[in-house]
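Peer 1: This structure is in structure tokens; I'll ask about it shortly.
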Amino acid sequence: MIEQLKVEGFLKLAVTCPVFDVRSPGEFAHAHFPGAYSLPLFSDEERKVVGTAYKQQSREDAIKIGLDYYGVKMRGMVEEVEGIVADWKKQNRSSIQDGKVTILVHCWRGGMRSAGVAWLLDLYGFRVCTLKGGYKAFRTWVLAQFELPYRFNILGGYTGSGKTEILEQLGKAGKVSVDLEDLAQHKGSAFGGLGKVQPGQEMFENLLALALHKAASGLNDGEGIWLEDESQRIGPVNLPGALWKTMQASPVFFLDIPFEQRLDFIVAGYGKHKKEELVNAIIRIQKRLGSNDTKQAVNFLLEDNHRECFGVLLRYYDKFYTRSLENKPGNEKYLHRLPVPKVDAAENCKLLLDWLATIQL
């Protein structure tokens, strides 16, 4: 028997059950449920043909055309699901009930596409659950997550402070955090996307909503979710407006680390990239950096003087970040500074937690 689940129930099972998205490849590529497998009932062109028939002819004609496409794919779809489920069994990830592996299926609105594939997989012997309202209902849930009144702790610090690494250490110390830059696959600066492929805005929102949901469910009473202090824009994606407002009204714990220490950290991290990539990144910010500093930074780089090159850039980013702190609403109320001597994630995490235990917010 096929069970239809609301979003919350679907999310709960998705932790231990494979999710199959039966929308077209183009729909899936645009954005999808994180971790889902693409199992398209129709190709992009087939979907277009069926949709046109539905609008211009009749529902019945559209179904018949769809069956022509679907019939020849049935065995292949079953075998593809079978292979994925077998892999999940090896990893002990699958939920088994009454001897059957549970799989989750959804389409765009929870209509005929997911119903057709669910029928086939149920017939074959899987325990099948579908998402009521489909991916559209999931997107409604996603957008609602950004309106929630989260309690955030914002980890601040100038560029090169090793904030991402401190977030990792906070996790090891039992604190709850969400790495926004990891979700965006971008470090936030002009150099932040080097060597990475960034998600689109909708996919970023899907990843972010699930990460926040997981983080909020793992909080102890009185604690907040740790986030790195970010601009609203992280590379090609934007933090949702409502979530950004909540972040702006959250306390910032600013680790003040000397310039030279941070410069060492930056050179070690970014100096390994190809010279051409670094030059292109500098050129992208030349309007804000200014012609003189741009020319200086590029010349230093061409001379293989990474330290002087990144010194020019780091001074620019320090000024930019200082302005953002000064313009933060309620700056005096929300900003808490902790001077630390060097970039050391483990040590600075300990200093931060010890300091938090002594101050009154």
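Peer 1: Output the relative contact order of the range 3-142, whole-number percent, from Cα pairs under 8 angstrom with separation of 6+ residues.
Peer 2: Numbers: 193 pairs, mean separation 45.3, N = 140.
Computed value for the range 3-142: 32 percent relative contact order.
Peer 1: Would you work out which of 217, 177, 278 lies farthest towards the positive end of the dipole of the range 150-356, given +1 charges on the beta-carbon of Lys and Arg and -1 on that of Asp and Glu, about the Cα centre?
Peer 2: Going by the Cα projections, it comes out as 278.
Peer 1: Once Kirkwood radius over Cα pairs in Å is worked out from the coordinates, which option in [x] 21.2; [y] 20.5; [z] 23.4 does it equal?
Peer 2: [z]
Peer 1: Quick check on the exposure proxy: order 289, 356 from fewest to most C-beta atoms within 10 angstrom.
Peer 2: By the 10 Å Cβ count, ascending, the order reads 356, 289.
Peer 1: Treating the range 1-69 as a set of equal point scatterers at the Cα positions, no solvent, please give the Debye-formula log₁₀ I(q)/I(0) at q = 0.14, 0.19, 0.20 Å⁻¹.
Peer 2: Calculated log10 I(q)/I(0) at the listed q: -0.56, -0.86, -0.90.
Peer 1: The range 116-140 to the range 221-257: how many Å between their Cα centroids?
Peer 2: When both Cα centres are located, 36 Å separates them.
Peer 1: Can you bin the range 150-356 into rounded, prolate or oblate? Criterion: square roots of the alpha carbon gyration tensor eigenvalues sorted a ≥ b ≥ c, rounded for a/c under 1.5, prolate for a/b above b/c, oblate for the rest.
Peer 2: Details: a/c = 1.80, a/b = 1.47, b/c = 1.22.
Judged from the Cα gyration tensor, the range 150-356 comes out prolate (a/c at least 1.5, a/b above b/c).
Peer 1: Under a Cβ-only charge scheme (Lys and Arg +1, Asp and Glu -1), can you give me the dipole magnitude of the chain about the Cα centre, in debye to the nearest 20?
Peer 2: 580 debye
Peer 1: Between the helical axis of 112-124 and the dominant principal axis of the chain, each derived from Cα atoms, what acute angle in degrees is found, rounded to the nearest 10?
Peer 2: On a 0 to 90 degree scale, this one is about 70.
Peer 1: Relative contact order (percent) for the chain, with alpha-carbon contacts under 8 angstrom and 6 or more residues of separation?
Peer 2: Values: 500 pairs, mean separation 61.7, N = 361.
The value is 17 percent.
Peer 1: Ok, one more. If you take the charge dipole of the range 3-142 about its Cα centre, with +1 on Lys and Arg Cβ and -1 on Asp and Glu Cβ, which of 54, 131, 118 is farthest toward its positive end?
Peer 2: In the range 3-142, that residue is 131.
Peer 1: Say the cut-off is 23 Å between C-alpha atoms; which of 214/245; 275/295; 6/214; 136/175; 6/64 go over it? Before the final figure, lay out the partial values.
Peer 2: Working: 214/245 21 Å; 275/295 15 Å; 6/214 17 Å; 136/175 33 Å; 6/64 29 Å.
Long pairs (Cα-Cα over 23 Å): 136/175; 6/64.
Peer 1: In addition: By how many nm would the segment from residue 75 to residue 115 grow when fully extended, if each residue of separation counts as 0.36 nm and the alpha-carbon distance is taken off?
Peer 2: Numbers: separation 40, 0.36 × 40 = 14.40 nm, distance 1.67 nm.
Between residue 75 and residue 115, full extension yields 12.7 nm more.
Peer 1: Any idea what angle helix 59-71 forms with the longest principal axis of the chain, computed on alpha-carbon atoms, 0 to 90 degrees, nearest 10?
Peer 2: Tilt relative to the chain: about 80 degrees.
Peer 1: When the Karplus curve 6.51 cos²θ - 1.76 cosθ + 1.60 is applied with θ = phi - 60°, which whole-Hz ³J(HN,Hα) does each residue of the range 309-321 get, with x for Gly and Pro?
Peer 2: 4, 6, x, 4, 5, 5, 5, 5, 5, 4, 4, 4, 6
Peer 1: What angle, in degrees between 0 and 90 and rounded to the nearest 10, separates the Cα long axis of helix 259-270 from the longest principal axis of the Cα atoms of the chain?
Peer 2: 40 degrees
Every number in this text was worked out from the coordinates using simple rules, so none of it is lab data. Keep in mind that this is a model prediction, so the values were computed, not measured. Cβ atoms come from the backbone with ideal geometry, glycine included; neighbour counts cover every protein chain shown.
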